[in-house]
Amino acid sequence: MSPLKFYKPTTPGRRHASVDACLDVTKKRPEKKLIRIKKRTGGRNAHGKITVRHRGGGAKRFIRIIDSRKERFDELAKVVAIEYDPNRGARLALLEYKDGKKIYIIAPADIKVGDKFVSSKSKIEIKTGNRMPVKYIPTGMLIHDVELAPDRGGKIARGAGTSTKIMAIEKGYAQLRMPSKEIRLISEKCMATIGVVSNPDHRLIRIGKAGRKRNMGIKPTVRGKAMNPVDHPHGGGEGKNPIGLKAPKTPWGKKALGVKTRKKKKWSNKLILKRRSKKKR
C-alpha cells in the first residue's frame, strides 16, 4: 500500500496533490507533558525587523520536546507509540522506561510498537534504534541523529529518510559520508543511532495548491521580473523579458546563486576531508 494518499481530481488543486497517508502512525494526540506552544515570529527578529521573508499565518501547532541526548544509559526503553509531527517530515517514537517516564525520539525506519531500544556509552548490540559511540559501530553502517561534538546531542541526519555512513575510524576520529556526499571527521566518542530516519517518502509529497503553503505558514513570493526597476534588479522591461544580468541577484543587489557563505577561517574546516559536489546547472 502506498504511503501517499491521492484524491479524485475534482479541482485543479486536487488533481496533482498528494498527502501523507500516515499508515504507520498509531497515536493521534501528542503526550501533554512533552509539548509546548510554538511562538510565532512572522520572520521577525527581536527588533521587529523582517529577517526571513514570506513567513506568517499558518495553522497553530505544538512543539514536541525531543530528547536528542538519550542520557539514560543502559536502560531499556519500549516503543509505546509512533506519532506524526507537524514540525518535521520524520515520525516520532514515544518511548517509555520502566519507571514510567516517557520521551520522544526521532523514529528510525521499520520500527513498530513493542520494540525495545537502549542507549549506552559502551558497546552494545548492533540493532536499529540502539544508540552508542561511533567507535563501537562497524564501518559501512548507516546511522542517524549523530552528534557533531560529544555530549552535545544529535545534529546530523535528522530529516525524513536521511542517514550518514561510517567510512572509516582511525586516530580518534570517524569519517562520515554526509547526506550531501561531503566527507568529514567527528570524534569517535560522538553518539549515533543505528538505522535510517523514518518516512523516506516524505520527499514525494506534492503540495498541489497555494492554500496548503499558507497553512504551512509560508506566504506567496512575488517574482523580481514582475516588479519595477526601482524595486528589484530583475525588474522593468516591456512584456516578458530576461533579467538582463549575467547572474540572478537578490532584491538588494547581491548574487543569488552559487555564493559561498561559509567563513574561510572557520575552525571546523580542518575536519572536512571532501566538500560536497557542485550541482550541475
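The values are calculated or read from the model by the stated rules, or taken from the named source; none is laboratory data. What you see is a predicted model; the values in this text were computed from it and never measured. Neighbour counts run over all protein chains shown; Cβ positions are idealised from the backbone, glycine included. Quick note on the areas: whole protein, heavy atoms, side chains included, nothing else; ligands and nucleic acids left out. Shrake-Rupley method; radii C 1.70, N 1.55, O 1.52, S 1.80 Å.
Structure data summary
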{"quantity": "Accessible-area ranking of Met141, Met216, largest first, probe 1.4 Å", "calculated": "Met216, Met141"}
{"quantity": "Carbon/sulfur fraction of accessible area - the chain, other protein chains in place, 1.4 Å, %", "calculated": "52 percent"}
{"quantity": "The chain, helix-only ellipticity at 222 nm - DSSP H runs n ≥ 4, -39,500 (n - 2.57), divided by all residues, nearest 500", "calculated": "-500 deg cm²/dmol"}
{"quantity": "Solvent-accessible area of His144 with every protein chain in place, 1.4 Å probe, in Å² to the nearest 10", "calculated": "0 Å²"}
{"quantity": "Largest-first ordering by accessible area, 1.4 Å probe, given options Val52, Val230", "calculated": "Val230, Val52"}
{"quantity": "Whether the stretch 1-133 is rounded, prolate or oblate, judged on the alpha carbon gyration tensor where a/c under 1.5 counts as rounded", "calculated": "oblate"}
{"quantity": "Gyration tensor verdict on the chain (Cα atoms; rounded if a/c is under 1.5, prolate if a/b is larger than b/c, oblate otherwise)", "calculated": "oblate"}
{"quantity": "Order of exposure, largest accessible area first, which applies to Glu238, Glu147, Glu125, Glu96 with probe 1.4 Å", "calculated": "Glu238, Glu125, Glu96, Glu147"}
{"quantity": "Net charge of Cβ neighbours under 11 Å - reference Ile205; Lys, Arg +1; Asp, Glu -1", "calculated": "+2"}
{"quantity": "Highest-fluctuation residue, Arg212, Arg64, Arg29 considered, GNM on the chain with Cα pairs under 10 Å", "calculated": "Arg29"}
{"quantity": "Shape call, the stretch 94-221: gyration tensor on alpha carbons, a/c limit 1.5", "calculated": "oblate"}
{"quantity": "Calculated FRET efficiency for the pair Lys123/Arg152, C-beta based, R₀ 25 Å, to 0.05", "calculated": "0.70"}
{"quantity": "Highest-fluctuation residue, Ala160, Ala149, Ala109 considered, GNM on the chain with Cα pairs under 10 Å", "calculated": "Ala149"}
{"quantity": "Hz values of 3J(HN,Hα) by residue in the stretch 107-120 - Karplus curve (6.51, -1.76, 1.60), Gly and Pro given as x", "calculated": "6, x, 6, 6, 9, 9, 4, x, 5, 10, 10, 9, 10, 8"}
